[in-house]
Amino acid sequence: MPLPDTMFCAQQIHIPPELPDILKQFTKAAIRTQPADVLQWSAGYFTALSRGDPLPVKERAEMPVATQKTDTGLTQGLLKILHKQCGHQQFVSLEELEQRWRTLCLPVERFKAILELDPCEEKIEWVKFLALCCSSLSGTLSSAMQNVCEILTTDAEGGPARIPFELFSGIYQYLWRLERPGPESDMQAYLASLRTTIDSKKTGNLIGPADFFYPTKKLQAP
């Protein structure tokens with residue numbers, strides 16, 4: 001095959017001025033997120049970047065959670081990414097969720113297993129899917145609700161991680177009824193005691209892990 005008439009030299013190659021910054025931010029994001037499959041994650045990263053969607057990037061580097069029920073690679077940091085991408089929707093299509101799940105290099109088998117806990121068709125309420133993931137990540141209902149609070153809170157990082165009590169109560173009842181660890185009256189009594197606790201603190205109807213999570217002693221959620 002004959003060589004083209006025009007040969008390009010380095011000076012003739014145009015490099016967009018924004019490219020170095022894009023690559024710098026991409027490198028930082030990859031280091032912070034530590035994706036299991038860099039190529040797969042990169043495709044999702046640049047697709048989101050081109051569309052102006054939230055990027056699949058962790059807020060900070062983190063170690064895998066050792067207490068999750070099964071070793072799936074799922075972490076609170078990855079759930080925060082999913083919430084950033086999907087939390088603005090009340091319902092999310094299963095197709096979109098699976099695509100975002102794959103972008104984060106999480107096993108599809110685990111995605112399907114989580115959905116089997118509360119089968120649905122075509123779409124699922126986002127808060128319910130997040131709750132199911134937190135349950136999968138955690139060893140107890142209390143620790144699942146701690147993750148829920150830390151992901152859904154609008155408090156500053158390192159703050160009390162509070163969420164509205166009605167939101168907490170709805171998610172707690174949803175997970176409790178899936179696991180059914182005891183009589184429903186116990187669950188209602190527990191929520192009533194929490195209601196009394198936050199009312200006495202005058203926190204504006206907000207509840208955080210410090211109000212209910214006792215990892216070694218005191219009251220445990222039923």
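The label-point distance for Lys202 and His88, in a model that sets each label 7 Å from Cα toward Cβ, rounds to 3.8 nm. Counting heavy atoms of the protein chains alone, Lys58 has an accessible area of about 20 Å² for a 1.4 Å probe. A simple spin-label model places pseudo-atoms 7 Å from Cα toward Cβ; at Val108 and Gln40 they are separated by 0.9 nm. Ellipticity at 222 nm from helices only: DSSP H runs of n ≥ 4 in the chain, each -39500 (n - 2.57), divided by the residue count, give -16500 deg cm²/dmol. Looking at region 121-222, the pairs of alpha carbons with a distance over 16 Å make up 56% of the total. Region 153-174 and region 82-106 have Cα centres spaced 21 Å apart. Within region 36-142, all pairs of alpha-carbon atoms sorted by distance into 10 Å bins from zero give the percentages 14, 50, 33, 4. Taking all Cα pairs closer than 8 Å and separated by 6 or more residues, the relative contact order of the chain comes to 15 percent.
These residues, Arg32, Arg110, go from largest to smallest accessible area, 1.4 Å probe, as Arg32, Arg110.
In the chain, once you exclude exposed GluC sites (Glu not before Pro) (DSSP loop, at most 14 other Cβ within 10 angstrom), what's the longest stretch remaining? Counting at most 14 other Cβ atoms within 10 Å as exposed, the longest clean stretch of the chain is 158-222.
Taken about its Cα centre, the chain carries a charge dipole of about 660 debye when Lys and Arg each add +1 at the Cβ and Asp and Glu each add -1 at the Cβ. Once the dipole of the chain is set up with Lys and Arg at +1 and Asp and Glu at -1 on Cβ about the Cα centre, which of Val127, Gly44, Thr140 lies farthest towards its positive end? Selected residue: Thr140.
When N counts the residues of the chain, how does its alpha-carbon radius of gyration compare numerically with 2.2 N^0.38 Å, as a ratio?
That works out to 1.28 for the chain.
Where in the chain are the DSSP H helices whose alpha-carbon span along the long axis reaches 20 Å or more and whose Kyte-Doolittle mean is at least -1.0?
Those that pass (Cα extent of 20 Å or more, hydropathy at least -1.0) are 19-33, 165-179, 184-201.
The values are calculated or read from the model by the stated rules, or taken from the named source; none is laboratory data. Quantities reported herein were computed from a predicted structural model and do not represent experimental measurements. We place every Cβ from the backbone using ideal geometry, glycine too, and count neighbours over all the protein chains shown. The area values use the complete protein model at the heavy-atom level, side chains included, leaving out ligands, DNA and RNA. Shrake-Rupley method; radii C 1.70, N 1.55, O 1.52, S 1.80 Å.
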